[in-house]
Structure formats: structure tokens, C-alpha cells
2 protein chains.
Amino acid sequence: MGEGFGIDHLPYGVFSTRGSAPRVGVRYADTVVDVSTVRPQLDRPALNDFMALGPEAWAETRSDIAGQVEAGALPAFPADEVALHLPFTVGDYVDFYASLHHASNVGRIFRPDQEPLLPNWRHLPVGYHGRGGTVVVSGTPVVRPCGQRKGPHESAPTYGPSRRLDIEAELGFVIGVGSELGSRIGVDELQDHVFGVVGLNDWSARDIQAWEYVPLGPFLGKSFATSVSAWVTPLAALAAARTELPEQDPAPLPYLAGGHALDVDVAVVLDGDVVSRPPYRTMYWSPAQMLAHLTVNGASTRTGDLFASGTISGPEPDTRGSFLELSWGGKEPFAGGRTFLEDGDEVVLRYSAPGTGGGRITLGEVAGRIEPALP
Amino acid sequence: MGEGFGIDHLPYGVFSTRGSAPRVGVRYADTVVDVSTVRPQLDRPALNDFMALGPEAWAETRSDIAGQVEAGALPAFPADEVALHLPFTVGDYVDFYASLHHASNVGRIFRPDQEPLLPNWRHLPVGYHGRGGTVVVSGTPVVRPCGQRKGPHESAPTYGPSRRLDIEAELGFVIGVGSELGSRIGVDELQDHVFGVVGLNDWSARDIQAWEYVPLGPFLGKSFATSVSAWVTPLAALAAARTELPEQDPAPLPYLAGGHALDVDVAVVLDGDVVSRPPYRTMYWSPAQMLAHLTVNGASTRTGDLFASGTISGPEPDTRGSFLELSWGGKEPFAGGRTFLEDGDEVVLRYSAPGTGGGRITLGEVAGRIEPALP
């Protein structure tokens with residue numbers, strides 16, 4: 001289980017052992033290494049104070065920790081014997097819609113007779129605010145949400161448990177250093193603000209969403225839970241995963257011109273079987289473009305703000321990042337007859353990328369099991 | 001200036017005097033009374049710790065403070081000599097769309113040939129998440145935001161300052177006691193969770209919003225600033241303002257059946273002149289219905305979460321709560337030739353309601369002046 005957690009990775013998380021207070025650790029091989037003595041800001045139940053220190057402190061601390069880990073100078077616990085907590089206190093959570101293949105698939109499924117992409121899609125990274133308070137750590141059970149649903153042939157909505165519960169396999173980006181109200185973060189300034197990357201599952205109740213979302217966007221269809229990995233991979237550990245963006249046509253406006261893709265492989269695992277392999281490198285909009293767009297109107301950002309990519313879907317059917325797409329709106333069952341999530345299903349999102357040490361690193365996984373709706 | 005701030009009101013805020021730390025005070029007549037010695041949770045730079053104590057502590061403290069204020073036992077400062085701060089740390093911010101007249105007007109302006117209300121509108125309080133991190137206190141200047149705008153006759157979007165900057169006159173509701181993930185707040189439980197009410201201006205860049213909002217809703221057209229009053233009126237001070245809701249047709253689903261309207265009068269003041277008088281009592285969805293809906297999917301709430309009503313518009317033209325409606329999409333100038341906001345404009349939202357003492361109370365005003373876009 002320690003594969004991908006070598007000295008070139010060292011993701012940060014918050015852990016506790018029986019009877020001890022939550023504090024910061026790094027994952028190394030099969031262990032969680034207690035780094036709370038390395039800096040005062042690491043002896044905390046959340047990464048926020050450390051993330052706020054900025055890129056120089058991040059680099060220095062990372063190098064410090066690597067040295068002490070290699071020297072065996074820090075206490076280490078077997079990874080399967082510690083409890084992992086939400087690694088940072090979440091401020092605002094923004095979810096984008098940055099995959100061309102995902103946006104096109106959704107358009108084809110819901111508006112089969114029209115142009116799949118809406119007119120704004122190629123001009124800006126479409127996004128919306130989600131609920132920061134319901135971001136939960138990997139492993140937290142997901143209770144099937146209730147709400148209003150109305151089928152196309154029903155005359156009125158009914159209340160009840162969602163019948164079209166879905167996943168969205170995404171990557172999330174965590175702000176370390178915020179920005180002031182009225183200022184902007186340039187498209188070349190990502191690394192001055194983003195501390196690291198998490199895996200993210202934007203659980204979605206498609207029937208609730210379909211009925212509620214006009215004209216103000218998704219609300220209760222998403223706000224019941226968003227799961228993130230317990231491990232935050234520092235941006236520095238993804239240096240070897242930087243790659244070229246796909247061609248953007250039309251050319252983005254100057255404030256959006258820049259950024260790079262990340263060569264992160266994703267696997268969607270349903271009840272133990274890999275059902276899809278979305279490739280993050282195919283995303284149309286880069287993380288740097290998303291952040292530049294988010295702040296172009298002068299919106300401030302804070303330590304702990306989280307922005308996510310939106311569903312990662314590649315061009316091939318077996319690289320789609322949602323069950324909505326994998327089952328083509330529920331009409332084409334996949335993986336031996338599956339459409340949407342059933343009670344008891346467990347979904348695990350796995351992520352890997354080239355590491356700086358020549359091999360691959362394994363980003364934190366995102367797991368969740370569906371529990372029945374409340375009576 | 002002390003009218004409406006009698007002993008039956010006593011709204012809470014956070015203030016500081018020169019060289020002193022921000023702490024909680026109440027507004028009484030022309031003064032701000034320092035209540036930081038009344039409870040340890042009031043000697044804080046935000047109301048959150050106090051709000052988290054719950055309804056019994058709120059009632060006891062309110063009665064305590066009223067006694068001490070009447071006895072002149074607490075330090076008081078002239079209201080125009082203290083600095084007022086954002087009164088609470090904002091968690092998640094949700095904005096609803098609860099006025100039938102506003103939603104109908106917007107429908108008529110943007111889709112003149114269609115049914116003005118969308119099919120879901122009478123079945124649920126439509127809402128979306130806004131940006132909690134850009135909620136600012138009354139008096140904070142509002143810098144005209146930049147972004148992408150595309151007119152209907154333009155072939156591509158351009159980047160620049162918003163040309164259709166607007167207000168939305170709203171009421172906001174502040175959560176004191178949160179609720180757990182997986183639980184619901186019943187429509188009869190508002191008073192167990194909501195601490196108080198603020199005035200709120202949901203500044204809106206209509207041209208940015210119009211281009212970006214499909215399919216995921218408003219984003220940068222709203223996220224640059226949302227202003228709230230410096231004073232939070234406790235729910236108890238609005239007991240005499242409770243009134244019947246307008247008829248709801250169709251009858252709401254059982255989880256939404258309940259709540260009451262609030263008889264709060266609003267005045268929109270542009271550069272010193274009242275240009276509209278929106279009546280909150282005409283709102284279709286009650287605050288209790290909005291909160292029950294927000295949590296029906298099991299979404300948790302936290303101390304400091306804020307939910308707002310959406311634009312308050314009454315049935316008559318001079319009771320509309322946005323310039324979009326007052327100028328009918330910019331086509332019918334109002335107030336001597338005005339359409340959208342110009343640089344240097346100052347907007348003040350004023351609110352009043354029946355008090356429990358027989359007279360009226362004045363809720364905290366929401367003021368903001370438009371500054372030119374950044375170069």
C-alpha cells in the first residue's frame with residue numbers, strides 16, 4: 001500500500017492516534033510521519049496556518065521534512081493505524097466545468113438536437129460556488145439525499161430519495177495564500193497562491209439537480225456532500241506532471257492566456273472494479289486559468305479556499321468521469337448493468353502522476369459508501 | 001439619527017474606538033453601548049461565539065443588556081465616533097429568489113414571449129451559493145468589477161468594466177446554531193437556528209452575469225461584493241413584524257408548509273433620493289421555508305452561515321428592488337434618466353419594521369459607493 005508515497009511525494013494530511021490530538025503528518029511509504037515538531041504551524045488540527053506561510057516556507061519545510069524522514073528522525077505510525085481528518089478548514093468552494101468532453105457529453109445527453117457546447121463555454125471557464133461546509137474527508141459515508149424530483153412525464157414534483165445519485169471524478173486545488181478584495185491573481189501566479197492538490201468527488205443527485213437548476217444553477221443536487229482526499233499533494237511534487245494544454249480555439253482573452261495541464265491519471269473504482277480511467281491531461285481549461293478567472297472581477301481569496309476542475313472526462317467512452325456519461329443518461333447500462341449509484345455501493349477515486357524521482361506518485365484516494373436515505 | 005434604536009431593538013454589532021480592539025456592542029439611541037463585559041463570548045471581534053450559544057442564552061443576554069442599558073450601567077460611545085466592522089465571520093452564503101414579483105419581472109424582461117415564471121418556481125425556493133469571502137460590511141466601497149461581457153449583437157465577448165452594474169435590495173438571515181450533516185431543519189424550527197436579520201445588497205454586474213450564467217448560474221457577476229449592515233437585529237426584536245404569508249398556490253410539499261412573512265419596509269436611496277420602496281411582506285417564500293429547503297437534502301449548517309431572500313420587489317413599479325427592474329432592462333430610465341449605476345453613485349438601503357414597543361425599529365442600513373474599475 002506504500003507505492004507512490006516515496007520521498008519525492010510527501011503529501012500533507014491531518015492525523016491522530018488513539019487519545020492524541022489531531023496534528024499534521026506526511027505520508028511516507030506505509031507510514032504516516034508526525035511532522036508537528038518541524039514548525040509550530042504544523043502542530044495544528046488543520047493545514048491552514050501552514051499553508052498561509054507561502055511558497056518559500058513551503059519549499060523550505062518540504063526539504064527539511066524530506067531530510068528528517070530519510071534520516072528516520074521523526075516518529076512514524078503504520079498508515080492503517082491512524083485516523084485521518086479533513087486536512088484543511090474549507091473557505092469558499094468553487095466548482096468549474098473545465099472538461100470539453102464532459103461538457104459536450106452533458107450537452108448531447110440533455111439537448112440532443114442542439115449544439116452540445118453553450119456559446120460561453122470556449123471563452124471562459126464556467127464555474128459556480130458550492131457549499132464549503134459540506135466538504136468531507138475521504139471515507140465519510142454519503143447518505144442518499146432527499147429532495148424534490150420531477151420526471152419529464154410527471155405533472156408535479158414529488159418528495160423522496162434521489163433515484164439518480166452520481167459521482168463526479170475531479171481534482172481540487174487548495175489556496176494557501178489568499179488575495180485582497182479588488183486585486184486579481186494573474187494567470188502566471190498560480191504557484192504563489194495554490195498550496196496543493198486533492199482528489200475530489202462532487203457527489204451529485206441528478207434528478208434533484210435537473211428540477212432545481214434553472215435559472216440559478218445547481219444547489220441541493222450537490223450541497224449534501226463533496227468528498228476530498230485526506231492527503232494534499234504539494235504542487236512541488238507535481239512538477240514532473242506539468243504538460244502542455246490542449247489547443248484552445250478561439251484563443252483565450254489576454255487575462256486567460258497561460259497555464260499548463262497536469263498529467264494525472266484517474267481511476268474510478270466501483271465496488272472494487274475499475275469502471276473508468278479519466279485522464280486529467282485532456283482538460284481544456286488549466287488550473288491557472290480557473291484561478292485567474294475566479295479573481296478577474298476583484299473577488300478576494302482566502303487560505304483554505306478550494307476550487308475544483310469539474311468532472312474529468314476524456315474522449316473515449318471508458319474515460320468518462322460520471323455515471324451520467326458512462327450510462328449515457330441512464331439509457332446505456334455499463335459495468336454489467338449499472339446506471340446510477342445503489343445503496344451500499346462504494347466508490348473509490350484513485351489518482352497517480354509522474355513523480356520527480358523518475359517513478360510515479362499516488363495522490364490521496366477519495367472513498368465513499370452510499371448509505372440509505374433517512375426515513 | 002437615533003430613531004428606531006430604542007430599548008425594544010438593541011441590534012448587535014462589532015465596533016472599535018481609536019486604539020481599542022474590536023468587540024461587541026449594541027446600538028441604543030445615538031450611541032453604541034459596549035456590552036463586552038456582559039458575557040465572555042461578547043468580548044470578541046465577531047458575533048459567532050455568542051451566536052453559537054443558542055436561543056436561551058440569546059434571550060437571557062438580551063434581557064440582561066436591556067436592564068443594564070436602562071440603568072446606564074455600561075459604557076456608551078457616540079454612534080458617529082466608533083468604527084463598525086463586519087459583525088460576524090461568514091460561513092456559507094446562500095442567496096434565494098423568493099419574490100414572485102421580482103422573478104416574474106426578470107422573466108418578462110429576459111423572455112418577453114414566454115411564461116415569466118419557470119416551472120419549478122412555485123414548488124421550491126430557488127437558490128444558489130454565493131461567495132462567503134466577499135461579504136463586506138456596509139460602507140465598504142464597491143469597485144466596479146471587470147470581466148467578460150457580450151451583447152446580443154456582438155460576435156465575441158470583450159473584456160472590460162461592467163456597464164450594467166446593479167443592486168439587489170434584500171434581507172439576510174444569520175445562522176446562530178448550526179445543524180449536523182445528514183439532519184434537517186424543520187420549517188417550524190427557524191427560531192432555534194436563526195440568530196438575527198441583516199440588511200443586504202447583492203451587488204450584481206448584469207452584463208457579466210448574462211454571459212456567464214448558463215448552465216451553472218451566477219458567478220463573477222455577483223462574487224465581487226455583497227454588502228451587509230453592520231447591525232444584526234435579533235429575531236426577538238422582530239416579533240411584532242411577523243405576519244401572514246401571501247397565499248401559496250400550489251400548496252407547498254409538506255416539508256415546506258409553514259413559516260410567516262415579515263412586515264419590513266425597505267427604501268432604496270440613490271444619491272440621497274428614495275427611488276423605490278420594496279415591501280418585504282410581499283415575499284412569496286418565508287425565511288423558514290428557505291431554511292427548511294436548504295437542509296432537506298441533509299446539508300449541514302454552521303454558525304455564521306448567511307442566507308438571503310433575493311431581491312425584494314413588490315407589485316408596483318415603484319416598489320422594485322433592482323435597477324434592472326426599475327429601468328425595465330435599461331429601456332425605461334427612472335429617477336430622472338437613470339438606468340444602471342455610475343461611478344460615484346452611493347446607494348443606501350434603509351429598513352424599518354414594527355417594534356415590540358409600539359413604535360418602529362430601524363434595522364441597520366446598507367451603504368456603498370461605486371468606485372471606478374481598476375485600470
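The values are calculated or read from the model by the stated rules, or taken from the named source; none is laboratory data. Quick caveat: nothing in here was measured; it's all calculated off a predicted structure. Neighbour counts are summed over all protein chains in view; Cβ atoms, including those assigned to glycine, are modelled from backbone coordinates with ideal geometry. With ligands, DNA and RNA removed, areas are computed over all heavy atoms of the protein, side chains included. Shrake-Rupley method; radii C 1.70, N 1.55, O 1.52, S 1.80 Å.
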Fill in the blank from the handout: Taking every C-alpha to C-alpha distance in region A:18-158 and binning by 10 Å from 0, the per-bin percentages run 9, 23, 25, 19, 15, 7, 1
Problem - Equivalent ellipsoid semi-axes, region A:103-156, via Cα gyration tensor eigenvalues times 5, rooted, Å - result: 28, 22, 11
Handout entry: Computed over chain B: relative contact order in percent, which uses C-alpha pairs under 8 Å that are six or more apart
Key = 22 percent
Fill in the blank from the handout: Checking region A:266-363 for GluC sites (Glu not before Pro) in a loop per DSSP with at most 15 other beta-carbon atoms within 10 Å yields A:GLU342
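Tell me the mean residue ellipticity at 222 nm calculated for the protein assembly as shown from its helices only (DSSP H runs of n ≥ 4, each -39500 (n - 2.57), averaged over every residue, nearest 500).
-4000 deg cm²/dmol
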Problem - Share, in percent, of DSSP beta bridges within the protein assembly as shown that are antiparallel, nearest 5 - result: 90 percent
Fill in the blank from the handout: chain A, Gaussian network, Cα under 10 Å: of A:VAL194, A:VAL136, A:VAL69, the residue fluctuating most is A:VAL69
Exercise for the section: Kindly give the semi-axes, whole Å and largest first, of the ellipsoid equivalent to chain B, taking each as the square root of 5 times a Cα gyration tensor eigenvalue. Expected result: 33, 24, 19
Completion exercise
So, for the Cα atoms of the protein assembly as shown, Rg and Dmax in Å stand at 25.6, 77
Completion exercise
Inter-chain shielding metric for A:218-226, i.e. average beta-carbon neighbours from other chains within 10 angstrom, reads 6
Practice task
Please express the Cα-Cα pair-distance distribution P(r) of region A:12-85 as a list of whole percents, one per 10 Å bin, running from 0 to the bin with the greatest distance.
Solution key: 21, 55, 23, 1
Practice task
Would you kindly derive the ³J(HN,Hα) couplings of region B:28-41 from the backbone phi angles with the Karplus curve 6.51 cos²θ - 1.76 cosθ + 1.60 (θ = phi - 60°), listing them in order in whole Hz, with x for Gly and Pro?
Solution key: 9, 6, 8, 10, 10, 9, 6, 10, 5, 8, 6, 8, x, 6
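Mind checking the per residue accessible area of region B:243-327 for me, 1.4 Å probe, whole number of Å²?
Normalised by residue count, the accessible surface of region B:243-327 is 30 Å².
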Fill in the blank from the handout: One finds the C-alpha centres of region B:182-244 and region A:1-64 to be spaced, in Å, by 38 Å
Handout entry: Rounded to whole Hz, the Karplus (6.51, -1.76, 1.60) HN-Hα couplings of region A:152-162, x for glycine and proline
Key = x, 9, 9, 7, 8, x, 10, 9, x, x, 4
Handout entry: Charged-residue dipole, Cβ positions (Lys, Arg, Asp, Glu), region A:212-318 about Cα centre, Debye nearest 20
Key = 440 debye
Exercise for the section: Exposed loop trypsin sites (Lys or Arg not before Pro) only (DSSP loop, at most 12 other Cβ atoms within 10 Å): please give the longest stretch of chain B free of them, not including the sites. Expected result: B:19-330
Exercise for the section: Just the number, please: percent antiparallel of the DSSP beta bridges in region A:93-371, rounded to the nearest 5. Expected result: 85 percent
Problem - Given charges at Cβ of Lys, Arg, Asp, Glu: chain A dipole, positive-most of A:ALA237, A:PHE219, A:THR134 - result: A:PHE219
Problem - Cβ charges +1 (Lys, Arg) and -1 (Asp, Glu), total dipole of the protein assembly as shown, debye - result: 500 debye
Exercise for the section: Could you name the lysines whose alpha carbon sits less than 30 Å from that of A:LYS222, not counting residues in the same chain fewer than 8 places away? Expected result: A:LYS150, A:LYS331, B:LYS150, B:LYS222
Handout entry: region B:77-120 and region B:255-273: distance between their alpha carbon centers, rounded to Å
Key = 10 Å
Exercise for the section: For region A:353-365, take each phi angle, set θ = phi - 60°, evaluate the Karplus expression 6.51 cos²θ - 1.76 cosθ + 1.60, and give the result in whole Hz per residue in order, putting x for glycine and proline. Expected result: 7, x, x, 7, x, x, x, 10, 10, 10, 6, x, 7
Exercise for the section: Please report, in cubic angstrom per residue, the volume enclosed by the convex hull of the alpha-carbon atoms of region A:104-229. Expected result: 149 Å³
Practice task
Taking the Cα centre of region A:12-85 as origin, sum charge times position over the Cβ atoms of Lys and Arg (+1) and Asp and Glu (-1), and report the length of that vector in debye to the nearest 20.
Solution key: 180 debye
Handout entry: region A:266-375: Rg to Rh, with Rh as the Kirkwood radius over Cα pairs
Key = 1.03
Practice task
Please work out the ratio of the alpha-carbon Rg of region A:165-228 to 2.2 N^0.38 Å and round it to two decimals.
Solution key: 1.44
